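I have placed the structure first, in the form of structure tokens, so that the comments after it can refer back to it.
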Amino acid sequence: MASTPSQTGPLRHFLQFRDLSRDEIHYVLDRARLIKDKFKRYQPHHTLHDRNLAMVFEKASTRTRVSFEAGMYQLGGSVIHLTTGDSQLGRAEPIEDTARVISRMVDLVMIRTFEQTRIERFAAHSRVPVINGLTNEFHPCQILADIFTYIEHAGSIEGKTVAWIGDGNNMAYTWLQAAEILGFRLHVSAPQGYQLDRKRIGQPPETVLREFADPMQACRGAHLVTTDVWTSMGYEAENEERRQAFADWCVDAEMMAVADPAALFMHCLPAHRGEEVTGDVIDGPQSVVWDEAENRLHVQKALMEFLLLGQVA
Ligand code: CP
């Protein structure tokens, strides 16, 4: 593995949740706790002074852009923001060449793109750590924030049950990796044709994954109920077909009522009230979606620090 002058250890990427071990995830989550506490007390935390992050967006974003950009500045570093439209990526420069060039100039790269293979190709030609800011297949930074949020509100997630209601999308696949690594059970209920692909996931044991045709059954006894939009970015052509298929996969008060009485509700946002979740649930007392969104900032600061400095505490 290569090493850059700005890193203390071997080159590490965060392209999927499982790129970090269980111990490393716990380290990052603990570090995020400290970083958040300091942030709330207006205490400077400039561990990445003079470091530079390039952010490459091939899809739209609000939370990912703001959290990475604000986070890097708060760590004492700086940020360059690129999109397909305002870079040579939009004019067919090979992703490998882009990686070779950008990674000679910055310390860290975050990419939001389409196929996972695209970010893997970038990482394979990068001299610096690469972070997945969402691909069609995975959204590992979001799940890191979700787990941090769960722990913050309810304690350890180990042995708990997370109910994923709706599309078997990048979030669902990332939840599955997290369940395997961190020791909780994932219940998934998705409409016919939108379930997790067995070719991708194999046969996880029932202690890790249970799939349900009925979303109410998936929610029964769950400690966390979570969902996402019916149509993820890049699938807009399927919008009408999906609206029909997903009509019964709307997280509502009835679903929350069969979950554990202390169950939390999460949504990675943006949300479509009245589609995948009712307004009374997302704006109700069990919802922690605003903490979940804020926590992207804190966990990603801890992640960037870890990828560049290793374990510092
Ligand atoms: N949840 C999430 O990734 O939000 P953005 O698409 O706004 O970045």
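Every number here is computed from the coordinates shown, using simple stated rules; none is lab data. Since we're looking at a predicted model, the values are computed, not measured. Methodologically, a virtual Cβ is constructed for each residue, glycine included, from the backbone with ideal geometry; neighbour enumeration extends over all protein chains shown.
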Filtered residues of segment 61-92 (kept if assigned to a helix (DSSP H, G or I), under 26 Å from Glu305 (Cβ atoms) and more than 16 Å from the ligand (Cβ to nearest atom)): Tyr73, Gln74
Residues of segment 125-155 classified as β-branched (Val, Ile, Thr), assigned to a helix (DSSP H, G or I) and within 14 Å of the ligand (Cβ to nearest atom), total: 2
In segment 45-60, residue nearest to the ligand (Cβ to nearest atom) [restricted to those that are closer than 25 Å to Arg127 by Cβ and in a loop (DSSP other than H, G, I, E, B)]: Lys59
Unmet criterion (only one of (1) in contact (Cβ under 8 Å) with a residue 60 or more places away in the chain; (2) in contact with an Asp or Glu (Cβ under 9 Å, 6 or more places away or on another chain); (3) buried (at least 16 other Cβ atoms within 10 Å of the Cβ)) for Val312: (3)
Qualifying residue in segment 173-183 (condition: more than 14 Å from Asp146 (Cα to Cα) and either among the basic types (Lys, Arg) or assigned to a loop (DSSP other than H, G, I, E, B) (or both)): yes
Extreme residue, farthest from Glu294 (Cα to Cα), among residues of segment 49-71 that are among the charged types (D, E, K, R) and touching a residue at least 24 places away in the same chain (Cβ under 8 Å): Asp50
Checklist (1) farther than 26 Å from Asp283 by Cβ; (2) in contact (Cβ under 8 Å) with a residue 40 or more places away in the chain applied to Arg210, failing item: (2)
Hey, Phe122 within 16 Å of the ligand (Cβ to nearest atom), assigned to a helix (DSSP H, G or I), touching a helix residue (DSSP H, G or I) at 6+ places or on another chain (Cβ under 7 Å) and among the hydrophobic types (A, V, I, L, M, F, W, C) or not: no
Segment 93-115, residues that are closer than 16 Å to Lys59 by Cα and more than 16 Å from the ligand (Cβ to nearest atom): Ile95, Val109, Glu115
In segment 165-182, the residues that are out of contact with any Leu (no Cβ under 6 Å at 6 or more places or on another chain), over 19 Å from Leu134 (Cβ atoms) and without any contact (Cβ under 8 Å) to a residue 40 or more places away in the chain: none
